[in-house]
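These notes are about the structure you will find just below.
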Amino acid sequence: MSVNGLFSTFAPMPEHKLYIETYGCQMNVVDSEVVAAILQQYHYQLTEDINEADLVLVNTCSIRDNAEQRVKSRLRDFRKLKEQKRSVSIGVIGCMAERLKEKLLEDELIVDLVVGPDAYRKLPELLQKVESGQKGINTILSLKETYDDIQPVRMDRNHVTSFVSIMRGCNNFCAYCVVPGTRGRERSRDPETIVMEATELFSKGYREVTLLGQNVNSYHWNEGDSLLKFEKLLERVAHIHPSFRVRFATSHPKDMSDDLLKVISQYPNLCKSIHLPVQSGSTTVLQRMKRRYTREHYMERISAIRDYLPGASITTDIITGFCGESEEEHQQTLRLMEWAQYDFAYMFKYSERPETFAAEKLKDDVPETVKTRRLNEIIELQGKLSLESKKRDVGQTFKVLVEGTSKKSEEQLYGRTSQNKVVVFPKNDLKPGDYTDVTISACTSATLIGH
Ligand code: SAH
Ligand code: SF4
Ligand code: F3S
(Lines give C-alpha, C1' and ligand atoms only; values in the text may rest on other atoms or scores of the structure.)
(Ligands and ions follow the chains in the order given, each with its own letter.)
Protein backbone atom coordinates (compact mmCIF):
# COMPACT_ATOMS: atom_id res chain seq x y z
CA MET A 1 0.00 0.00 0.00
CA SER A 2 1.35 3.42 -0.86
CA VAL A 3 2.09 5.94 1.83
CA ASN A 4 -0.57 8.14 0.34
CA GLY A 5 -3.05 5.29 0.58
CA LEU A 6 -2.17 4.79 4.23
CA PHE A 7 -2.66 8.44 4.99
CA SER A 8 -5.98 8.60 3.29
CA THR A 9 -7.17 5.52 5.22
CA PHE A 10 -6.22 7.02 8.56
CA ALA A 11 -6.85 10.69 7.87
CA PRO A 12 -9.35 11.83 10.50
CA MET A 13 -12.79 12.68 9.17
CA PRO A 14 -13.73 16.29 9.86
CA GLU A 15 -15.51 16.40 13.17
CA HIS A 16 -19.07 17.67 13.37
CA LYS A 17 -20.96 18.86 16.40
CA LEU A 18 -24.31 17.41 17.43
CA TYR A 19 -26.78 19.07 19.76
CA ILE A 20 -29.78 16.98 20.94
CA GLU A 21 -32.81 18.28 22.81
CA THR A 22 -35.07 15.62 24.30
CA TYR A 23 -38.79 15.78 25.15
CA GLY A 24 -41.21 13.15 26.43
CA CYS A 25 -40.63 10.03 28.47
CA GLN A 26 -37.49 8.35 29.79
CA MET A 27 -37.49 6.02 26.80
CA ASN A 28 -36.81 9.07 24.66
CA VAL A 29 -33.91 9.99 26.97
CA VAL A 30 -32.29 6.61 26.29
CA ASP A 31 -33.12 6.85 22.57
CA SER A 32 -31.21 10.15 22.42
CA GLU A 33 -28.24 8.34 23.97
CA VAL A 34 -28.54 5.61 21.32
CA VAL A 35 -28.70 8.26 18.58
CA ALA A 36 -25.59 9.93 20.02
CA ALA A 37 -23.81 6.56 19.89
CA ILE A 38 -24.82 5.93 16.27
CA LEU A 39 -23.74 9.41 15.21
CA GLN A 40 -20.46 9.23 17.11
CA GLN A 41 -19.46 6.52 14.63
CA TYR A 42 -20.27 9.05 11.94
CA HIS A 43 -17.93 11.66 13.46
CA TYR A 44 -20.51 13.69 15.32
CA GLN A 45 -19.48 14.67 18.85
CA LEU A 46 -22.04 15.92 21.35
CA THR A 47 -22.07 19.56 22.30
CA GLU A 48 -24.17 21.37 24.90
CA ASP A 49 -23.86 24.63 22.99
CA ILE A 50 -26.48 24.85 20.27
CA ASN A 51 -24.63 27.76 18.62
CA GLU A 52 -21.65 25.60 17.68
CA ALA A 53 -23.80 22.68 16.42
CA ASP A 54 -23.68 21.49 12.79
CA LEU A 55 -26.69 19.29 13.46
CA VAL A 56 -29.56 20.04 15.85
CA LEU A 57 -31.84 17.11 16.64
CA VAL A 58 -35.04 17.40 18.61
CA ASN A 59 -36.30 14.12 20.00
CA THR A 60 -40.03 14.62 20.28
CA CYS A 61 -43.16 13.44 22.10
CA SER A 62 -46.76 13.27 20.85
CA ILE A 63 -48.52 12.08 24.00
CA ARG A 64 -50.57 15.28 24.45
CA ASP A 65 -51.17 18.21 22.16
CA ASN A 66 -49.18 20.57 24.39
CA ALA A 67 -46.10 18.31 24.05
CA GLU A 68 -46.25 18.83 20.28
CA GLN A 69 -46.90 22.58 20.61
CA ARG A 70 -43.73 22.93 22.70
CA VAL A 71 -41.69 21.34 19.94
CA LYS A 72 -43.30 23.54 17.29
CA SER A 73 -42.34 26.61 19.24
CA ARG A 74 -38.77 25.30 19.56
CA LEU A 75 -38.67 24.85 15.78
CA ARG A 76 -39.46 28.56 15.46
CA ASP A 77 -36.40 29.29 17.64
CA PHE A 78 -34.31 27.03 15.40
CA ARG A 79 -35.44 29.01 12.35
CA LYS A 80 -33.65 32.02 13.80
CA LEU A 81 -30.57 29.88 14.36
CA LYS A 82 -30.61 28.83 10.73
CA GLU A 83 -31.00 32.41 9.57
CA GLN A 84 -27.91 33.39 11.56
CA LYS A 85 -25.82 30.35 10.72
CA ARG A 86 -26.48 28.84 7.30
CA SER A 87 -24.56 25.61 7.80
CA VAL A 88 -26.74 24.05 10.50
CA SER A 89 -29.10 21.14 9.73
CA ILE A 90 -32.26 20.56 11.76
CA GLY A 91 -33.74 17.12 12.38
CA VAL A 92 -36.94 15.99 14.08
CA ILE A 93 -36.78 12.47 15.53
CA GLY A 94 -38.99 10.43 17.87
CA CYS A 95 -42.75 10.15 18.21
CA MET A 96 -43.78 13.36 16.46
CA ALA A 97 -41.60 12.42 13.48
CA GLU A 98 -43.39 9.08 13.35
CA ARG A 99 -46.86 10.61 13.69
CA LEU A 100 -46.49 13.46 11.21
CA LYS A 101 -44.02 11.95 8.71
CA GLU A 102 -43.73 13.96 5.43
CA LYS A 103 -46.16 16.53 6.79
CA LEU A 104 -43.38 17.80 9.05
CA LEU A 105 -41.18 18.52 6.03
CA GLU A 106 -44.06 20.24 4.27
CA ASP A 107 -45.19 22.36 7.23
CA GLU A 108 -41.82 23.19 8.78
CA LEU A 109 -39.56 24.29 5.98
CA ILE A 110 -36.50 24.57 8.20
CA VAL A 111 -36.60 20.82 8.94
CA ASP A 112 -34.04 18.83 6.91
CA LEU A 113 -34.43 15.43 8.50
CA VAL A 114 -37.37 13.37 9.88
CA VAL A 115 -36.57 10.03 11.53
CA GLY A 116 -38.94 7.73 13.45
CA PRO A 117 -38.01 5.73 16.58
CA ASP A 118 -37.17 2.50 14.73
CA ALA A 119 -35.02 4.07 12.00
CA TYR A 120 -32.10 5.55 13.94
CA ARG A 121 -29.60 3.15 12.37
CA LYS A 122 -30.36 4.89 9.07
CA LEU A 123 -29.27 8.28 10.40
CA PRO A 124 -25.79 8.26 8.79
CA GLU A 125 -27.12 7.57 5.30
CA LEU A 126 -29.97 10.05 5.75
CA LEU A 127 -27.42 12.66 6.85
CA GLN A 128 -25.44 12.03 3.70
CA LYS A 129 -28.54 13.02 1.74
CA VAL A 130 -28.95 16.12 3.90
CA GLU A 131 -25.28 17.02 3.41
CA SER A 132 -25.85 16.88 -0.34
CA GLY A 133 -28.71 19.35 -0.05
CA GLN A 134 -31.68 16.96 -0.07
CA LYS A 135 -34.18 16.20 2.70
CA GLY A 136 -33.87 12.91 4.61
CA ILE A 137 -36.84 10.93 5.89
CA ASN A 138 -37.39 7.44 7.29
CA THR A 139 -40.36 6.56 9.49
CA ILE A 140 -40.55 2.81 8.92
CA LEU A 141 -41.52 0.93 12.09
CA SER A 142 -39.97 -2.44 12.81
CA LEU A 143 -41.13 -5.64 14.51
CA LYS A 144 -37.62 -6.46 15.70
CA GLU A 145 -35.46 -3.39 16.28
CA THR A 146 -34.32 -3.00 19.92
CA TYR A 147 -30.87 -1.38 19.33
CA ASP A 148 -29.58 -4.11 21.65
CA ASP A 149 -26.00 -4.04 20.33
CA ILE A 150 -25.63 -0.28 20.71
CA GLN A 151 -23.92 1.07 23.82
CA PRO A 152 -25.69 4.37 24.56
CA VAL A 153 -23.54 7.48 25.08
CA ARG A 154 -24.71 8.54 28.53
CA MET A 155 -25.92 12.10 28.86
CA ASP A 156 -27.02 12.11 32.49
CA ARG A 157 -25.48 14.65 34.84
CA ASN A 158 -24.95 12.76 38.09
CA HIS A 159 -23.22 9.55 36.85
CA VAL A 160 -25.02 7.68 39.62
CA THR A 161 -28.43 6.80 38.14
CA SER A 162 -29.20 5.71 34.61
CA PHE A 163 -31.74 3.90 32.41
CA VAL A 164 -31.74 0.76 30.29
CA SER A 165 -34.51 0.09 27.74
CA ILE A 166 -35.69 -3.51 27.99
CA MET A 167 -38.44 -3.39 25.39
CA ARG A 168 -39.95 -1.13 22.76
CA GLY A 169 -43.45 -0.41 21.47
CA CYS A 170 -46.80 -1.24 23.00
CA ASN A 171 -49.64 -3.65 22.13
CA ASN A 172 -52.23 -2.34 24.56
CA PHE A 173 -53.98 0.25 22.40
CA CYS A 174 -55.53 2.22 25.25
CA ALA A 175 -58.25 4.26 23.55
CA TYR A 176 -56.62 7.65 24.20
CA CYS A 177 -52.99 6.80 23.46
CA VAL A 178 -50.70 7.53 20.50
CA VAL A 179 -47.85 5.29 21.66
CA PRO A 180 -48.82 2.07 19.80
CA GLY A 181 -48.98 4.22 16.65
CA THR A 182 -45.72 6.08 17.18
CA ARG A 183 -43.63 3.25 18.65
CA GLY A 184 -45.11 0.24 16.90
CA ARG A 185 -45.59 -3.28 18.21
CA GLU A 186 -44.21 -4.49 21.51
CA ARG A 187 -40.89 -6.33 21.38
CA SER A 188 -38.55 -7.43 24.19
CA ARG A 189 -34.80 -7.11 24.13
CA ASP A 190 -32.32 -9.98 24.55
CA PRO A 191 -31.81 -10.37 28.34
CA GLU A 192 -28.09 -11.00 27.94
CA THR A 193 -27.56 -7.58 26.38
CA ILE A 194 -29.68 -5.97 29.13
CA VAL A 195 -27.59 -7.56 31.89
CA MET A 196 -24.38 -6.62 30.03
CA GLU A 197 -25.41 -3.00 29.68
CA ALA A 198 -26.45 -2.78 33.34
CA THR A 199 -23.20 -4.46 34.48
CA GLU A 200 -21.23 -1.95 32.44
CA LEU A 201 -23.06 0.89 34.19
CA PHE A 202 -22.20 -0.57 37.59
CA SER A 203 -18.54 -0.97 36.66
CA LYS A 204 -18.45 2.69 35.58
CA GLY A 205 -19.62 3.73 39.04
CA TYR A 206 -23.37 3.99 38.52
CA ARG A 207 -25.33 2.75 41.52
CA GLU A 208 -28.88 2.68 40.20
CA VAL A 209 -30.56 1.55 37.00
CA THR A 210 -34.19 1.94 35.90
CA LEU A 211 -35.41 -0.71 33.45
CA LEU A 212 -37.70 0.92 30.93
CA GLY A 213 -40.65 -0.12 28.82
CA GLN A 214 -44.24 1.02 28.21
CA ASN A 215 -45.47 -2.11 29.96
CA VAL A 216 -42.50 -3.84 31.60
CA ASN A 217 -44.60 -6.59 33.21
CA SER A 218 -45.24 -8.07 29.80
CA TYR A 219 -41.51 -8.43 29.07
CA HIS A 220 -40.81 -11.97 27.77
CA TRP A 221 -37.98 -13.75 26.02
CA ASN A 222 -37.80 -17.32 24.73
CA GLU A 223 -34.71 -19.11 26.01
CA GLY A 224 -34.75 -22.51 24.36
CA ASP A 225 -37.93 -24.14 25.63
CA SER A 226 -38.44 -21.84 28.58
CA LEU A 227 -39.96 -18.42 28.78
CA LEU A 228 -38.05 -15.71 30.64
CA LYS A 229 -40.57 -13.35 32.22
CA PHE A 230 -40.03 -9.91 33.71
CA GLU A 231 -39.55 -11.09 37.31
CA LYS A 232 -36.75 -13.44 36.21
CA LEU A 233 -35.04 -10.66 34.29
CA LEU A 234 -35.35 -8.42 37.35
CA GLU A 235 -33.70 -11.12 39.47
CA ARG A 236 -30.79 -11.35 37.05
CA VAL A 237 -30.24 -7.60 37.17
CA ALA A 238 -30.57 -7.64 40.99
CA HIS A 239 -27.72 -10.20 41.10
CA ILE A 240 -25.24 -7.82 39.43
CA HIS A 241 -24.32 -6.35 42.82
CA PRO A 242 -26.12 -5.84 46.17
CA SER A 243 -25.24 -2.15 46.09
CA PHE A 244 -26.66 -1.68 42.58
CA ARG A 245 -30.25 -0.49 42.96
CA VAL A 246 -32.85 -1.49 40.40
CA ARG A 247 -36.10 0.30 39.52
CA PHE A 248 -38.51 -0.23 36.65
CA ALA A 249 -41.28 1.63 34.81
CA THR A 250 -44.01 1.40 33.74
CA SER A 251 -46.17 -1.42 35.10
CA HIS A 252 -49.64 -2.14 33.77
CA PRO A 253 -52.25 -3.07 36.43
CA LYS A 254 -53.56 -5.98 34.35
CA ASP A 255 -50.12 -7.66 34.36
CA MET A 256 -48.93 -6.88 37.92
CA SER A 257 -48.40 -10.41 39.23
CA ASP A 258 -47.84 -11.82 42.73
CA ASP A 259 -44.72 -13.56 41.38
CA LEU A 260 -43.22 -10.17 40.55
CA LEU A 261 -44.09 -8.74 43.98
CA LYS A 262 -42.55 -11.81 45.65
CA VAL A 263 -39.25 -11.30 43.78
CA ILE A 264 -39.15 -7.59 44.72
CA SER A 265 -39.69 -8.51 48.38
CA GLN A 266 -36.71 -10.90 48.32
CA TYR A 267 -33.96 -8.50 47.18
CA PRO A 268 -33.09 -5.39 49.24
CA ASN A 269 -31.62 -3.73 46.10
CA LEU A 270 -34.91 -4.04 44.19
CA CYS A 271 -36.45 -0.69 45.09
CA LYS A 272 -39.66 -0.64 47.09
CA SER A 273 -41.47 1.74 44.81
CA ILE A 274 -44.21 0.81 42.35
CA HIS A 275 -45.54 3.11 39.65
CA LEU A 276 -48.98 1.75 38.75
CA PRO A 277 -50.94 4.13 36.50
CA VAL A 278 -54.66 3.92 37.28
CA GLN A 279 -55.84 6.60 34.76
CA SER A 280 -59.35 6.61 36.32
CA GLY A 281 -61.04 5.27 39.44
CA SER A 282 -64.23 4.39 37.58
CA THR A 283 -64.77 1.00 35.96
CA THR A 284 -67.01 2.48 33.26
CA VAL A 285 -64.37 5.07 32.30
CA LEU A 286 -61.69 2.36 32.35
CA GLN A 287 -63.84 0.35 29.95
CA ARG A 288 -64.13 3.30 27.58
CA MET A 289 -60.38 3.80 27.90
CA LYS A 290 -59.88 0.10 26.98
CA ARG A 291 -57.59 -0.34 29.98
CA ARG A 292 -58.66 -3.95 30.47
CA TYR A 293 -59.06 -3.91 34.28
CA THR A 294 -61.75 -2.76 36.69
CA ARG A 295 -61.62 -0.47 39.72
CA GLU A 296 -61.91 -3.61 41.90
CA HIS A 297 -59.05 -5.43 40.16
CA TYR A 298 -56.85 -2.37 40.53
CA MET A 299 -57.67 -2.06 44.25
CA GLU A 300 -56.94 -5.74 44.75
CA ARG A 301 -53.49 -5.23 43.14
CA ILE A 302 -52.76 -2.26 45.43
CA SER A 303 -53.68 -4.46 48.42
CA ALA A 304 -51.30 -7.14 47.11
CA ILE A 305 -48.48 -4.56 46.89
CA ARG A 306 -49.19 -3.49 50.49
CA ASP A 307 -49.15 -7.16 51.61
CA TYR A 308 -45.94 -8.21 49.85
CA LEU A 309 -44.06 -4.93 50.19
CA PRO A 310 -45.02 -3.15 53.42
CA GLY A 311 -43.73 0.42 53.39
CA ALA A 312 -43.38 0.54 49.59
CA SER A 313 -44.35 3.76 47.87
CA ILE A 314 -47.10 3.66 45.25
CA THR A 315 -47.37 6.29 42.53
CA THR A 316 -49.74 6.68 39.61
CA ASP A 317 -50.88 8.53 36.47
CA ILE A 318 -54.38 10.01 36.19
CA ILE A 319 -56.27 11.46 33.22
CA THR A 320 -59.22 13.77 33.95
CA GLY A 321 -62.09 14.58 31.63
CA PHE A 322 -61.86 11.54 29.37
CA CYS A 323 -64.75 11.11 26.88
CA GLY A 324 -68.11 11.02 28.64
CA GLU A 325 -66.65 11.31 32.17
CA SER A 326 -69.54 12.16 34.52
CA GLU A 327 -69.30 13.95 37.85
CA GLU A 328 -69.88 10.64 39.67
CA GLU A 329 -67.10 8.93 37.67
CA HIS A 330 -64.77 11.79 38.57
CA GLN A 331 -65.74 11.46 42.26
CA GLN A 332 -64.81 7.77 42.07
CA THR A 333 -61.30 8.77 41.00
CA LEU A 334 -61.00 11.13 43.97
CA ARG A 335 -62.25 8.41 46.34
CA LEU A 336 -59.83 5.85 44.92
CA MET A 337 -56.92 8.28 45.35
CA GLU A 338 -57.80 8.71 49.03
CA TRP A 339 -58.12 4.97 49.50
CA ALA A 340 -54.81 4.22 47.72
CA GLN A 341 -52.96 7.02 49.55
CA TYR A 342 -50.69 7.63 46.59
CA ASP A 343 -47.25 8.99 47.44
CA PHE A 344 -47.08 10.88 44.16
CA ALA A 345 -49.05 11.22 40.92
CA TYR A 346 -48.67 12.58 37.40
CA MET A 347 -52.00 14.18 36.51
CA PHE A 348 -53.20 15.24 33.07
CA LYS A 349 -56.21 16.69 31.30
CA TYR A 350 -57.39 14.41 28.53
CA SER A 351 -56.00 15.56 25.19
CA GLU A 352 -57.57 14.03 22.09
CA ARG A 353 -54.94 12.51 19.79
CA PRO A 354 -55.57 11.98 16.07
CA GLU A 355 -56.05 8.42 14.82
CA THR A 356 -56.59 6.90 18.27
CA PHE A 357 -59.71 4.83 19.03
CA ALA A 358 -61.08 7.64 21.22
CA ALA A 359 -60.57 10.26 18.50
CA GLU A 360 -62.34 8.11 15.94
CA LYS A 361 -65.12 6.51 17.98
CA LEU A 362 -65.77 8.57 21.15
CA LYS A 363 -66.76 12.19 21.76
CA ASP A 364 -64.32 14.51 23.53
CA ASP A 365 -67.35 16.02 25.25
CA VAL A 366 -66.19 17.16 28.69
CA PRO A 367 -65.99 20.97 28.43
CA GLU A 368 -62.51 22.46 28.87
CA THR A 369 -63.59 24.37 32.01
CA VAL A 370 -64.85 21.16 33.61
CA LYS A 371 -61.65 19.28 32.68
CA THR A 372 -59.62 22.07 34.30
CA ARG A 373 -61.75 22.15 37.44
CA ARG A 374 -61.53 18.36 37.84
CA LEU A 375 -57.78 18.41 37.25
CA ASN A 376 -57.40 21.09 39.92
CA GLU A 377 -59.43 19.02 42.40
CA ILE A 378 -57.22 16.04 41.72
CA ILE A 379 -54.01 18.07 42.02
CA GLU A 380 -55.21 19.59 45.29
CA LEU A 381 -56.06 16.19 46.77
CA GLN A 382 -52.75 14.72 45.64
CA GLY A 383 -50.94 17.67 47.24
CA LYS A 384 -52.45 16.65 50.58
CA LEU A 385 -51.69 12.96 50.05
CA SER A 386 -48.08 13.70 49.05
CA LEU A 387 -47.58 15.78 52.20
CA GLU A 388 -49.13 13.05 54.40
CA SER A 389 -46.89 10.48 52.71
CA LYS A 390 -43.79 12.56 53.57
CA LYS A 391 -45.01 13.22 57.13
CA ARG A 392 -45.27 9.48 57.76
CA ASP A 393 -41.49 9.28 57.13
CA VAL A 394 -40.53 11.88 59.75
CA GLY A 395 -38.64 10.21 62.61
CA GLN A 396 -37.72 7.18 60.48
CA THR A 397 -34.27 6.30 59.10
CA PHE A 398 -33.75 5.43 55.43
CA LYS A 399 -30.84 4.17 53.38
CA VAL A 400 -30.24 6.95 50.84
CA LEU A 401 -28.21 6.82 47.62
CA VAL A 402 -26.38 10.15 47.26
CA GLU A 403 -26.97 11.70 43.81
CA GLY A 404 -25.50 15.20 44.00
CA THR A 405 -25.30 18.62 45.61
CA SER A 406 -28.58 20.25 46.58
CA LYS A 407 -29.72 23.12 44.34
CA LYS A 408 -30.31 25.34 47.35
CA SER A 409 -27.03 24.94 49.25
CA GLU A 410 -23.48 23.77 48.50
CA GLU A 411 -23.35 22.36 52.03
CA GLN A 412 -26.27 20.00 51.41
CA LEU A 413 -26.53 16.87 49.31
CA TYR A 414 -29.59 15.21 47.86
CA GLY A 415 -30.41 11.60 47.17
CA ARG A 416 -33.34 9.20 47.14
CA THR A 417 -34.72 6.49 49.36
CA SER A 418 -35.62 3.05 48.03
CA GLN A 419 -39.19 4.44 47.95
CA ASN A 420 -37.98 7.05 45.42
CA LYS A 421 -38.49 10.03 47.73
CA VAL A 422 -35.98 12.88 47.50
CA VAL A 423 -34.03 13.61 50.70
CA VAL A 424 -31.81 16.63 51.45
CA PHE A 425 -29.14 16.27 54.16
CA PRO A 426 -25.76 17.73 55.29
CA LYS A 427 -22.72 16.96 53.16
CA ASN A 428 -20.24 15.66 55.78
CA ASP A 429 -17.68 13.55 53.86
CA LEU A 430 -20.16 12.02 51.47
CA LYS A 431 -20.03 12.07 47.67
CA PRO A 432 -22.37 11.04 44.84
CA GLY A 433 -22.66 7.25 44.58
CA ASP A 434 -22.30 6.69 48.35
CA TYR A 435 -25.02 5.15 50.49
CA THR A 436 -25.83 6.70 53.84
CA ASP A 437 -28.45 6.30 56.56
CA VAL A 438 -30.52 9.44 56.94
CA THR A 439 -32.99 10.13 59.76
CA ILE A 440 -35.85 12.32 58.59
CA SER A 441 -36.48 15.37 60.77
CA ALA A 442 -38.84 17.48 58.62
CA CYS A 443 -40.52 17.59 55.21
CA THR A 444 -42.34 19.60 52.56
CA SER A 445 -44.84 18.02 50.15
CA ALA A 446 -41.97 17.42 47.68
CA THR A 447 -38.86 16.75 49.81
CA LEU A 448 -37.71 15.02 52.98
CA ILE A 449 -35.16 16.83 55.14
CA GLY A 450 -32.81 14.76 57.28
CA HIS A 451 -29.48 14.33 59.00
N1 SAH B 1 -47.21 3.07 29.18
C2 SAH B 1 -47.49 3.82 30.31
C3 SAH B 1 -47.47 5.32 30.16
C4 SAH B 1 -47.61 5.95 28.86
S5 SAH B 1 -47.74 7.66 28.64
C6 SAH B 1 -48.79 3.35 30.88
O7 SAH B 1 -49.57 2.70 30.23
O8 SAH B 1 -49.07 3.67 32.01
C9 SAH B 1 -47.73 8.39 30.22
C10 SAH B 1 -49.05 8.89 30.69
O11 SAH B 1 -49.57 9.89 29.85
C12 SAH B 1 -50.17 7.85 30.72
O13 SAH B 1 -50.09 7.01 31.82
C14 SAH B 1 -51.40 8.73 30.75
O15 SAH B 1 -51.75 9.07 32.07
C16 SAH B 1 -50.96 9.97 30.01
N17 SAH B 1 -51.59 10.07 28.69
C18 SAH B 1 -51.45 9.24 27.65
N19 SAH B 1 -52.22 9.65 26.61
C20 SAH B 1 -52.86 10.76 27.01
C21 SAH B 1 -53.81 11.65 26.40
N22 SAH B 1 -54.24 11.45 25.16
N23 SAH B 1 -54.24 12.72 27.12
C24 SAH B 1 -53.81 12.93 28.38
N25 SAH B 1 -52.93 12.13 29.00
C26 SAH B 1 -52.46 11.05 28.33
FE1 SF4 C 1 -50.31 3.98 25.90
FE2 SF4 C 1 -51.77 2.17 27.15
FE3 SF4 C 1 -49.55 1.43 25.89
FE4 SF4 C 1 -49.40 2.87 28.11
S5 SF4 C 1 -50.20 0.78 27.95
S6 SF4 C 1 -48.26 3.22 26.24
S7 SF4 C 1 -51.17 4.19 27.97
S8 SF4 C 1 -51.38 2.23 24.94
FE1 F3S D 1 -44.09 10.68 24.34
FE2 F3S D 1 -43.40 8.84 22.63
FE3 F3S D 1 -42.69 8.62 25.16
S4 F3S D 1 -45.34 9.88 22.69
S5 F3S D 1 -44.36 9.62 26.21
S6 F3S D 1 -42.03 10.18 23.78
S7 F3S D 1 -43.22 6.98 23.80
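The values are calculated or read from the model by the stated rules, or taken from the named source; none is laboratory data. From a predicted model like this one, the values you see are computed outputs, not experimental measurements. Because the Cβ atoms are built from the backbone with ideal geometry, glycine has one as well, and the counts that use them run over all protein chains shown. For the accessible areas, the whole protein counts, side chains as well, though only heavy atoms, and no ligand, DNA or RNA atoms are used. Shrake-Rupley method; radii C 1.70, N 1.55, O 1.52, S 1.80 Å.
Observations on the model:
- Part-to-part distance (alpha-carbon centres) for region 36-61 and region 238-295, which is given in Å: 35 Å
- Accessible surface of the chain [probe 1.4 Å, protein heavy atoms]: carbon and sulfur percent: 51 percent
- Residue 355-residue 109 FRET efficiency (beta carbon distance; Förster radius 25 Å; 0.05 resolution): 0.50
- Burial ranking of peptide ranges 141-152, 53-64 (average Cβ count within 10 Å, highest at the top): 53-64, 141-152
- Diffusion of the chain by Stokes-Einstein, at 20 °C in a medium of 1.002 mPa s and with Rh set to the Kirkwood radius over alpha-carbon pairs, works out to 90 µm²/s.
- For the cross-link pairs 272/399; 272/421; 72/101; 371/391; 272/408; 144/290, the ones whose C-alpha atoms lie over 19 Å apart are 371/391; 272/408; 144/290.
- Applying both filters, DSSP loop and at most 16 other Cβ atoms within 10 Å, to the chymotrypsin sites (Phe, Trp or Tyr not before Pro) of region 160-236 gives 173.
- Heavy-atom accessible area per residue - region 161-391, 1.4 Å, Å²: 40 Å²
- Peptides 399-405, 367-373 ordered by average Cβ neighbours within 10 Å, highest first: 399-405, 367-373
- A straight Cα-to-Cα reach below 16 Å connects residue 85 with the lysines 17, residues fewer than 8 places away in its own chain not being considered.
- Annotation: per residue accessible area for region 16-138 equals 44 Å², rounded to a whole number [probe 1.4 Å, protein chains only].
- Packing-based order for 380-390, 78-88, using average beta carbon neighbours within 10 Å, highest first: 380-390, 78-88
- Projected-area average for region 397-450 over all orientations - Cα convex hull basis, square nanometres: 3.3 nm²
- Judged by a Cβ-Cβ distance under 4.7 Å, the unpaired cysteines of the chain are 25, 61, 95, 170, 271, 323, 443.
- Converting phi to 3J(HN,Hα) with the Karplus coefficients 6.51, -1.76 and 1.60 and the offset θ = phi - 60°, region 180-190 yields x, x, 8, 10, x, 6, 5, 8, 9, 9, 3 Hz in sequence order, with x at every glycine or proline.
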